1. Out of LYS94, LYS63, LYS47, I need the residue that is surrounded by 14 or more Cβ atoms within 10 Å (Cβ to Cβ) and assigned to a helix (DSSP H, G or I). Which one?
2. Would you mind telling me which numbered condition in (1) more than 15 Å from the ligand (Cβ to nearest atom); (2) surrounded by fewer than 15 Cβ atoms within 10 Å (Cβ to Cβ) ASP164 fails?
3. So if I check each of ALA136, ALA154, which one is closer than 19 Å to ASP30 by Cβ and away from the ligand (no atom under 11 Å from the Cβ)?
4. Residue by residue through region 35-82, note down the ones that are within 17 Å of ALA154 (Cα to Cα), free of Cβ contacts under 8 Å to residues at least 12 places away in the same chain and more than 20 Å from the chain's Cα centre (by Cα).
5. Could you please find all residues in region 154-196 being under 22 Å from MET130 (Cβ atoms) and among the aliphatic types (A, V, I, L, M)?
6. Considering only residues that are under 22 Å from ASP178 (Cα atoms), in contact with a strand residue (DSSP E or B) (Cβ under 6 Å, 6 or more places away or on another chain) and within 16 Å of the ligand (Cβ to nearest atom), which ones fall in region 21-61?
7. Any residue in region 106-122 that is surrounded by fewer than 14 Cβ atoms within 10 Å (Cβ to Cβ) and part of a loop (DSSP other than H, G, I, E, B) sitting within a Cβ distance under 9 Å of a residue that is modelled with pLDDT of 95 or more and hydroxyl-bearing (Ser, Thr, Tyr)? List the pairs, counting only those 6 or more apart or interchain.
8. Could you check region 79-122 and list, in sequence order, the residues that are aromatic (Phe, Trp, Tyr) and under 23 Å from PHE57 (Cβ atoms)?
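The values are calculated or read from the model by the stated rules, or taken from the named source; none is laboratory data. Computed from a predicted model, the values in this text were never measured in an experiment. Positions of Cβ are generated from backbone atoms using ideal geometry, with glycine treated the same way; all protein chains shown enter the neighbour counts.
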Amino acid sequence: MSITPEQINKLIQNRRSLYPAVYSDETVDDTIIEAILENANWAPTHKLTQPWRFTVFSGEGLKKLADFQADLYRKVTETDGSFDQKKYEKLQKKPLLCSHIIAIGMKRDSKERVPEIEEVMATACAVQNMYLTASAYGVGGYWGTGGITYYEEAKSFFGLGSEDKLLGFFYLGVPRTDNRPEGRRDSISEKIHWVRE
Ligand SMILES: Cc1cc2nc3c(=O)[nH]c(=O)nc-3n(C[C@H](O)[C@H](O)[C@H](O)COP(=O)(O)O)c2cc1C
């Protein structure tokens, strides 16, 4: 491998979540989206169950997603009385600010060979690969888990069954500027306990 540790450190530490508010009208080339998905597919996976499933929305597909999620939000929240017009409008408008949106699904192994949490963790590893690949290509992206993510009624729209999970959406766009938000993390030393003897 010709990649140096320094290059990997830089890629990982400079990766940032970039939100639709900073995306331009430009479209990310589908070949880059395919590279992002190919790298997602190389995430670690216990017993090779490869639980990640993706539905990619672009072009008119973004409008389809926008309509679906806004309508579903209305339907569910009108039943329980929590409907919020602003949230509804956000669900309708946000997809249209993106170049592509990738719905992130976890497909449960039919033989349940590993605990469910391991399938969720493997899918999260796949999403980190997507984040890093997008960053390497200079594409903006972030993982969002708001809106209809945890609605049972949403699953079938994304080809998922009741035993599967929708884990959110990876939003993608071409950033308008090279300015990146500053990364914020507490020091790793506060999160490690070494046992040496
Ligand atoms: C599982 C998961 C869910 C997330 N959901 C949201 C979300 O719903 N809305 C949001 O603005 N950011 C979301 N994020 C992105 C985080 O806000 C972001 O990673 C954090 O602010 C750190 O910024 P960075 O990614 O630029 O380092 C999510 C991240 C993860 C890992």
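1. Going through LYS94, LYS63, LYS47 in turn, just one is surrounded by 14 or more Cβ atoms within 10 Å (Cβ to Cβ) and assigned to a helix (DSSP H, G or I): LYS94.
2. Going through (1) more than 15 Å from the ligand (Cβ to nearest atom); (2) surrounded by fewer than 15 Cβ atoms within 10 Å (Cβ to Cβ) one by one, ASP164 breaks only (2).
3. Unique residue meeting the criteria: ALA136.
4. Within region 35-82, ASP71, THR77, GLU78, THR79, ASP80 meet the criteria.
5. ALA154, LEU160, LEU166, LEU167, LEU172, VAL174
6. VAL22, TYR23, listed by residue number.
7. Pairs found: LYS111/THR49; ARG113/THR49.
8. Hit for region 79-122 is TYR88, nothing else.
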